[in-house]
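Novice: Following this message is one structure expressed as structure tokens.
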């Protein structure tokens, strides 16, 4: 008769998984969305070919974003439109949904395709708990795609940080210039190298 013994609980950590994540292309990602496999209300987006979860927006973030949409929409000239929380294609398997982006042309130009980096004049992220990501990985991705102007509405510091002169595509993409605007100042809204208006920071924050 075989001897039955009780296995002692192991204290060793499990080995790292041998499996590799499956990366999606933009085409696959949008096919999943079109077929309803990924709901248009699902809190995810494509980043580096992987589905990642969107951060939950707090009330301060939401209020600032609503103010921005109203203020920016009044200033943009014909030939541009504003979109909020909508996907843009950066290439490299990155399809973020910025809080605000200003897109060249009219909405009807994009009925069958999303705006790409070359279609964008400016991208805005409202940063509260997401400040670390928005000022590092997200900024690097926008710089790599050569988006000309990037705003971070910096809630913790009560200011708007405006980045320009992207160095991408490069190995270490960043923005060559940053201007910080406090609540007592007005921030310039620049499209195609031309100032089209100014926004009082105190009207946003």
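Novice: Let me have the relative contact order for region 57-204, percent, based on Cα pairs under 8 Å that are six or more residues apart.
Specialist: After rounding, I find 17 percent.
Novice: Once you have a ≥ b ≥ c as the square roots of the Cα gyration tensor eigenvalues for region 32-112, tell me rounded if a/c is under 1.5, and otherwise prolate or oblate according to whether a/b is larger than b/c.
Specialist: The shape class here is oblate.
Novice: Can you bin region 123-205 into rounded, prolate or oblate? Criterion: square roots of the alpha carbon gyration tensor eigenvalues sorted a ≥ b ≥ c, rounded for a/c under 1.5, prolate for a/b above b/c, oblate for the rest.
Specialist: Cα axes put region 123-205 in the oblate bin.
Novice: Quick one: 41, 54, fewest Cβ neighbours within 10 Å first, how do they rank?
Specialist: Listing 41, 54 from fewest to most nearby Cβ atoms yields 41, 54.
Novice: What distance in nm separates the simple spin-label points at residue 196 and residue 71, each placed 7 Å from Cα in the Cβ direction?
Specialist: Placing both labels 7 Å beyond Cα along the Cβ direction yields 1.6 nm.
Novice: For residue 84, project a label point 7 Å along Cα to C-beta. Then give me every residue of region 99-117 with its amide nitrogen under 13 Å of that point.
Specialist: 99-101, by backbone N distance to the label point.
Novice: Say R0 is 25 Å: what FRET efficiency, to the nearest 0.05, do residue 165 and residue 113 get from their beta-carbon distance?
Specialist: Result of the calculation: an efficiency of 0.35.
Novice: Could I ask something else about it? If a/c stays under 1.5 just call it rounded; otherwise compare a/b with b/c (prolate if a/b is bigger, oblate if not). Do that for region 30-70, with a ≥ b ≥ c from the square roots of the Cα gyration tensor eigenvalues.
Specialist: Note, shape of region 30-70 comes out prolate.
Novice: Once you have the alpha carbon radius of gyration of region 163-205, what is it after dividing by 2.2 N^0.38 Å, with N set to its residue count?
Specialist: 1.41
Novice: Please compute, over every Cα-Cα pair in region 57-204, the percentage with a separation greater than 23 angstrom.
Specialist: 30 percent
Novice: Gaussian network model of the chain, Cα springs within a sub-10 Å range: biggest mean-square fluctuation belongs to which of 167, 62, 35?
Specialist: 35
Novice: Can you give me the distance in nm between label points at residue 20 and residue 55, each placed 7 Å from the Cα along the Cα-to-Cβ direction?
Specialist: 3.1 nm
Novice: Multiply the residue gap between residue 97 and residue 27 by 0.36 nm, knock off their C-alpha separation, and tell me the result in nm, one decimal place.
Specialist: Length gained, residue 97 through residue 27: 23.6 nm.
Novice: Kindly put 184, 70, 129 in sequence by how many other C-beta atoms sit within 10 Å of each C-beta, fewest to most.
Specialist: Ordered from fewest to most neighbouring Cβ atoms within 10 Å, 184, 70, 129 come out as 184, 70, 129.
Computed from the coordinates by the stated procedures, all read-outs in this text should not be read as laboratory data. Being a predicted model, the structure only gives us computed values, none of them experimental. No Cβ is skipped: glycine too gets one built from the backbone with ideal geometry, and neighbour counts run over all protein chains shown.
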